């Protein structure tokens, strides 16, 4: 499909240049093109036709990268699964997306089996032998470009408690990747480290930009500062995409090597603004790096707002915007709107709306939520914010009931549904509390049924396997009642303030 | 429509920054947005609805720029007319495109009147008073983005003798503009000089990239080296797009000012490769400029191939590619194919095919030519060429019977049809001969009817008004017969060689 064109171009303009840098060897672009065509041939034999949904469940690796591109080479629709989901969540997604095939690596084989068998989707665990077999497939021609065809369905936590499938077209990806190519100055001499999970759109989109620019890919299965330094040294990484806490971890690592940090030309981060203190350390630690902040969401195929390198300064005329998420990326338009969708002037807080070519087709098989999210032709982010006089966006609040912890979006309703399933729970609510390591942590407030007894440990045990570990509350408290609005809804803002106050009191 | 989003973004992120630099004053992006919304309101009153075709006939100016954007603000379809066409050609296009409205400036009022009246399309000559009136229109909301909607129909000379309407979508333009933004490093501090005509896609596409990047526009009604220096001085121009002969004229000008040349950061050129001798002078004359060559066609919304700045060197490891048109631009895929469309290996000459998101929807109201041009999902350029082992494209020949003179494409069949209309002409053929000033010049070979008499001057008079002046043969010769193939087609290659030989002989 359309992004496959980028692979074919890379093979034409940089045939012997590195496409994938692996521990054992480097694969050039022309060789990689051939490998993908053969894997695609085997996938075709397994029934992958244009439009077939193929789920993937794997840690970052060159093999995973090849599988993703081979599915597109066949014209298939990717359903990249978060490896931290619980088996029940994956089972739901496989059914909802009507997935025909699940490709898992050996690390994820257990989870994939628990989720996919028995089930209608065929599970293929791609161990070394299977990878070799896939590479023996008959090379097939790539599907013809079709920009409006669906390229992928990325599932995100849902405000209703069920994951929603964000349906993205090849046009969405081609635009988003083109933006990354431009803003990160990706090109033939770039080496990008896939440090964040590839099933996340942030990494996925940058990776496509790297491919469009015929650059090289390097992979980290799991983030550790030591492995970042190893990849910097062995693979010559030039481009890093990390959340601020990871950047800090790299700078704080005992194995810190300033010579390696100096080879980094571009750093991007997201999920949270950078503090002046951390920025100072980053500017000092990475003396050659241009620094970009991205803000966006799966529904707009990645980033729609960016804070450019020239704004990542601590003084001078360009300083003073570090608390902003940034300005609209070229090709996007931003609006702050009141609840009726009417535009608000600079300075006024409202919901952040956006539009542009990368905005999703909609939620898969969910016309009602699609209509709500895309009302009036604008994507409704669910985040609250305001624009200043220079068009800089400040995110002040989430209108959606969501917590961002360690770079992952956690929808409170999903966590609350899991907790409420315990027989001793009468009512419950979760809120995000500030956390040095995670940005925010999930905190649960539970009201027990009259006479019932349940401990935090018992609740921990209860949610395990029902929801992903990263969504599980990190702390619990028990209360007699929750603050309710006139119509009986939990007042999250008030609850959160109470929790903060109690936590402050307990520290005093 | 979709590119209007770029205007709205520019007004948001750079409200007071220069959008248009005019002799008299500078218009900021927020002010320009308001002007366009009001002009659009007046155009709406004149009947411009989404889908309405609006032809424009004007020299480069800020006013022209506003009109183009105002038509898109209404959702209208642009039909930008070449100001050098003859009235009959324009009349044909207005009818074929079913144009409702023609907007002309005062310079073009005479030609517009000759072409449009009487006729079904309403002609509005936008003189100063009319411009003021348009600016009094009621501001209207911009049409919602629709990426697959038709944005413009650009007419090009046709191989059949009639102009063809290249139908381009907002998606085509958004991609093409995004590529220009990236490759020319356009941004808020860029000042682009519209030196080539804005009705040409080369300039039009770069202009959209400037708008996407919230840069500034400066305008040249007609190219003269003196005016280029004036704009450099008064407007602070940083980006130039010129054909090689114009670059040479700027460097050769008596008013040459090296200080002004040094402020240029980016130069792009097209239509012909640059000679090492000229490149040496350009590198010396413009010490800070990154130099790009673009190759493409209207049918792919501008450039699909580029020779990057690092290749514009005379020695070192990156040198040696100056005769190439360049490599595929990210987002495009190139192929060299045999007459059956099968891919040919590196080094083999065949037709240049291309595909990618900016490729046209098709030829307006011409399904047969559309199918031929887009056979197998590839745009057939009609140019012959080959790729080297590094994916560099070399254009060696035109498969279409076309001459490029002074940056304009001239289809021989159009010129031959005009000549053949003279009662004394029995047969005729035109070929392109090398020309120092124009690259190629149109040369006509005419066979007179038995007993008939006609001179070159009479033929010159005959074609005037029937075809644009730039298409008219610059030289004539009379012959007893034309070299014909077995099936009776003129053998252009043999004829051209004969003409070259005769011209050489006459110089010896």
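The values are calculated or read from the model by the stated rules, or taken from the named source; none is laboratory data. All of these numbers come straight from a predicted model, not from anything done at the bench. FYI the Cβ positions are ideal-geometry reconstructions off the backbone, even for glycines, and counts take in every protein chain you see.
Miscellaneous remarks
- The residue of the range B:64-91 that is nearest to residue B:116 (Cα to Cα), among those that are surrounded by fewer than 23 Cβ atoms within 10 Å (Cβ to Cβ) and out of contact with any strand residue (DSSP E or B) (no Cβ under 9 Å at 6 or more places or on another chain), is B:91.
- Single residue of A:209, A:215, A:165 found to be under 26 Å from residue A:100 (Cβ atoms) and either surrounded by 23 or more Cβ atoms within 10 Å (Cβ to Cβ) or in contact with a helix residue (DSSP H, G or I) (Cβ under 7 Å, 6 or more places away or on another chain) (or both): A:165
- Only one entry in A:391, A:406 is under 24 Å from residue A:244 (Cβ atoms), touching a helix residue (DSSP H, G or I) at 6+ places or on another chain (Cβ under 7 Å), within 14 Å of chain B (Cβ to nearest Cβ) and in contact (Cβ under 8 Å) with a residue 24 or more places away in the chain, namely A:391.
- Candidate set from the range B:20-35 (those that are away from chain A (no Cβ under 14 Å) and surrounded by 19 or more Cβ atoms within 10 Å (Cβ to Cβ)); member that is nearest to residue B:100 (Cα to Cα): B:35
- Residues (touching a helix residue (DSSP H, G or I) at 6+ places or on another chain (Cβ under 6 Å) and not in a helix (DSSP H, G or I)) located in the range B:84-118: B:84, B:102, B:103, B:104
- Subset tally (residues that are within 14 Å of chain B (Cβ to nearest Cβ) and surrounded by 16 or more Cβ atoms within 10 Å (Cβ to Cβ)) for the range A:378-388: 5
- Restricting attention to the range A:323-348, the residues being touching a strand residue (DSSP E or B) at 6+ places or on another chain (Cβ under 6 Å) and within 30 Å of residue A:155 (Cβ to Cβ) number 12.
- Residue list for the range A:345-369, restricted to those being surrounded by fewer than 17 Cβ atoms within 10 Å (Cβ to Cβ), in contact (Cβ under 8 Å) with a residue 40 or more places away in the chain and within 14 Å of chain B (Cβ to nearest Cβ): A:346, A:347
- Qualifying residue in the range B:36-56 (condition: surrounded by fewer than 24 Cβ atoms within 10 Å (Cβ to Cβ), farther than 27 Å from residue B:227 by Cα and without any contact (Cβ under 8 Å) to a residue 24 or more places away in the chain): no
- Of the residues in the range A:445-455, at least one is over 30 Å from residue A:164 (Cα atoms) and surrounded by 17 or more Cβ atoms within 10 Å (Cβ to Cβ).
- Residues in the range A:252-264 that are assigned to a helix (DSSP H, G or I), closer than 15 Å to residue A:281 by Cβ and at pLDDT 95 or above: A:258, A:261.
- Subset of the range B:437-466 (residues that are under 30 Å from residue B:249 (Cα atoms) and at pLDDT below 90): B:437, B:438, B:439, B:440, B:464, B:465
- Sole residue being modelled with pLDDT of 95 or more, within 14 Å of chain A (Cβ to nearest Cβ) and not in a loop (DSSP other than H, G, I, E, B), chosen from B:70, B:40, B:55, B:11: B:11
- Boolean, residue B:320 is touching a strand residue (DSSP E or B) at 6+ places or on another chain (Cβ under 8 Å), away from chain A (no Cβ under 13 Å), surrounded by fewer than 22 Cβ atoms within 10 Å (Cβ to Cβ) and free of Cβ contacts under 8 Å to residues at least 60 places away in the same chain: no
- The lone exception for residue B:391 - which of (1) within 19 Å of the chain's Cα centre (by Cα); (2) farther than 28 Å from residue B:84 by Cα it fails: (1)
- For the range A:332-341, taking the residues that are within 12 Å of chain B (Cβ to nearest Cβ) and farther than 30 Å from residue A:93 by Cβ, the one that is surrounded by the most Cβ atoms within 10 Å (Cβ to Cβ) is identified as A:334.
- Set side by side, the residues B:257, B:252, B:227 differ, and just one is surrounded by fewer than 17 Cβ atoms within 10 Å (Cβ to Cβ) and touching a helix residue (DSSP H, G or I) at 6+ places or on another chain (Cβ under 7 Å), which is B:257.
- Taken together, the criteria place residue B:375 among residues that are surrounded by fewer than 19 Cβ atoms within 10 Å (Cβ to Cβ), in contact (Cβ under 8 Å) with a residue 24 or more places away in the chain, more than 30 Å from residue B:322 (Cβ to Cβ) and within 14 Å of chain A (Cβ to nearest Cβ).
- Single residue of the range B:266-287 satisfying the filter (part of a loop (DSSP other than H, G, I, E, B) and more than 23 Å from the chain's Cα centre (by Cα)) that is surrounded by the most Cβ atoms within 10 Å (Cβ to Cβ): B:286
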